[in-house]
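Below: the structure, in structure tokens.
Just so you know, all these numbers are worked out from the coordinates, no wet-lab data involved. What you are looking at is a predicted structure, and each value in this text was computed from that prediction instead of being measured. Neighbour counts are summed over all protein chains in view; Cβ atoms, including those assigned to glycine, are modelled from backbone coordinates with ideal geometry.
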């Protein structure tokens, strides 16, 4: 993962690498697994900077999985409720509502 790649680009590359149709990337998400929680990397964010790590060379555990129905609905609601906000948090913890970078 390079420092200029967005979630959609990373997902397309991974899907293609594993023989899945890259055009279906919207059905999938990237999740970082930490010892105490999981962090969902949000759509359209810069994956490199969204990762929680203590150093640039630290190995991270990422999972690509299909989005849940709730995650699809959240995306739809966010698109309708953008109300002028230009910035999106890089990710959020799936075990709490605290945003993480």
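How do 64, 47 rank when sorted from fewest to most other Cβ atoms within 10 Å of their own Cβ?
On the way: 64 16, 47 24.
Exposure proxy ranking, most exposed first: 64, 47.
What's the exposure ranking of 66, 5, going from fewest to most Cβ atoms within 10 Å? Present the calculation step by step, with values, prior to reporting the outcome.
Numbers: 66 10, 5 14.
Lowest to highest Cβ neighbour count: 66, 5.
Return 28, 49 ranked ascending by Cβ neighbour count within 10 Å, so the fewest neighbours appear first.
On the way: 28 17, 49 11.
Fewest-to-most ranking of 28, 49: 49, 28.
For residue 60 and residue 37 in the same chain, what is the full-extension length gain: residue separation times 0.36 nm, less their Cα-Cα distance, in nm?
Numbers: separation 23, 0.36 × 23 = 8.28 nm, distance 1.31 nm.
My answer for the length gained is 7.0 nm.
Please give the peptides 8-17, 52-61, 31-40 ranked by average Cβ packing (other Cβ atoms within 10 Å per residue), highest first, as a rough proxy for protection. Mind dumping the intermediate values first?
Values: 8-17: 16.6, 52-61: 8.7, 31-40: 14.6.
Going from most to least packed, we get 8-17, 31-40, 52-61.
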